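Enquirer: Sending over a structure as structure tokens; questions will come in a sec.
Readers should treat all values here as calculations from the given coordinates under stated rules, not as data from a laboratory. All values derive from a computational prediction rather than experimental measurement. Virtual Cβ from ideal backbone geometry, glycine too; neighbours counted across all protein chains shown.
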Amino acid sequence: MTIVCLDLEGVLVPEIWIEISGRSGIAALARTTRDEPDYDTLMQGRLALLAEHKLKLADLQAIIAGMRPLPGAREFLDQLRAAYQVVILSDTFYEFAAPLMAQLGRPTLLCHRLETDAGDFVRSYRLRMPDQKRAAVEAFRELNFQVVAVGDSFNDTSMLGAAQAGIFFRPPEAIAAQFPQFPVTRDYAGLDEAIRNAAARLTAPQITIRSMSP
């Protein structure tokens, strides 16, 4: 059986921190893993900015509540879920993702959690586990799933490499150039075709040709 693992931000929804940056006017919050591949360094910088500007979790959630999935994302996801098991593997947080998941039909999401203090200020974050996208793909493979993985940035490349088939969706050119082994797709029609072709290859019967003894 084939399971498809999708990144969330950049694949199905806009980048959440970029939206927060635009709505809050804090330009430095627009940095993502495309700019800083070290996730802890990136998050520590974000937490410092939130503290400096006194933004509470409720302020961030109010911004996210006004976001919408990327155009065509819900239709693409519905078609994909009709054919395959689908899991969203993301480095976002459950406290952020809930309204977007509702708009996407509540697919299964594995991500992280934020930690707040009594005043609702975000003080820390808790990873589900280090490199959880790769670990999830490896676990699915151990369960005898054929895994197709889709992502768009540095923090997806270990997941793509762990899957039997890894596919980029709208990656920056610089990242795509660093990882030429992953095919690049630019729209949902192309991504759907790439996933289905990969799944067909993975599930095709393997034919062994034996030599005939004289």
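Enquirer: Check each of the trypsin sites (Lys or Arg not before Pro) in region 118-190 and keep only those in coil by DSSP with at most 12 other C-beta atoms within 10 angstrom; list them in order.
Expert: Values: sites: 123, 126, 128, 133, 134, 141, 186; in loops: 128, 186.
Here the sparse-neighbourhood loop sites are 186.
Enquirer: Let me ask you something else. To the nearest 20 debye, what is the magnitude of the charge dipole of the chain about its Cα centre, counting +1 on the Cβ of each Lys and Arg and -1 on the Cβ of each Asp and Glu? Let's see the in-between values first.
Expert: Details: 22 positive and 26 negative charges, 98 e Å.
In debye, rounded to 20, the chain gives about 480.
Enquirer: Here's another thing I want to ask about it. Going by alpha carbons, how many degrees (0 to 90, nearest 10) lie between the helix axis of 73-83 and the longest principal axis of the chain?
Expert: 40
Enquirer: Stretched out fully, how many nm does the piece from residue 197 to residue 144 gain, at 0.36 nm a residue minus the Cα gap? Working shown, then result.
Expert: Details: separation 53, 0.36 × 53 = 19.08 nm, distance 1.92 nm.
Length difference between fully extended and current span is 17.2 nm.
Enquirer: Next question. As a test of the formula, what do you get for the chain when each DSSP H run with n ≥ 4 contributes -39,500 (n - 2.57) and the sum is divided by the residue count, at 222 nm and rounded to the nearest 500 deg cm²/dmol? Provide the component values of the computation, followed by the final result.
Expert: Values: 9 runs with 92 residues, N = 214.
Value at 222 nm, helices only: -12500 deg cm²/dmol.
Enquirer: Considering only the other residues whose Cβ falls under 14 Å of the Cβ of residue 83, what net charge follows from Lys and Arg at +1 and Asp and Glu at -1? Please list the in-between numbers first.
Expert: Working: positive: 81, 196; negative: 75, 78, 192, 193.
Here the count lands on -2.
Enquirer: In percent, what relative contact order does the chain have, based on Cα pairs under 8 Å that are 6 or more apart in sequence? Display every interim value, and only then the final one.
Expert: On the way: 323 pairs, mean separation 49.9, N = 214.
Rounded, it is 23 percent for the chain.
Enquirer: Quick one: compute the contact order of region 106-214, relative version, from alpha carbon pairs under 8 angstrom and 6+ residues apart, as a percent. Provide the component values of the computation, followed by the final result.
Expert: Details: 120 pairs, mean separation 17.7, N = 109.
Computed over region 106-214, the figure is 16 percent.
Enquirer: Here's a follow-up. Enter the angle in degrees (range 0 to 90, nearest 10) between the Cα long axis of helix 94-103 and the first principal axis of the Cα atoms of the chain, meaning the one along which they spread out most.
Expert: Once rounded, the angle reads 60 degrees.
Enquirer: I would also like to ask the following. Counting only other residues whose beta carbon sits under 10 Å from that of residue 7, what net charge do I get with K and R as +1, D and E as -1? Don't skip to the answer; put the middle values down first.
Expert: Values: positive: 133; negative: 9, 91, 152, 156.
Taking every other residue near residue 7 into account, the sum is -3.
Enquirer: A follow-up question, please. Kirkwood hydrodynamic radius, computed over distinct alpha-carbon pairs, for region 141-183: how many Å, to one decimal?
Expert: Numbers: mean 1/r = 0.0955 Å⁻¹.
Mean inverse Cα-Cα distance, inverted, gives 10.5 Å.
Enquirer: Any idea what diffusion coefficient region 39-184 gets from Stokes-Einstein, in µm²/s, Kirkwood Rh on alpha carbon pairs, 37 °C, 0.692 mPa s? Please list the in-between numbers first.
Expert: On the way: Rh = 16.9 Å.
D, rounded to a whole number, is 194 µm²/s.
Enquirer: Give the Rg (one decimal place) followed by the Dmax (whole number) of region 1-101, computed from C-alpha coordinates and expressed in Å.
Expert: 14.9, 48
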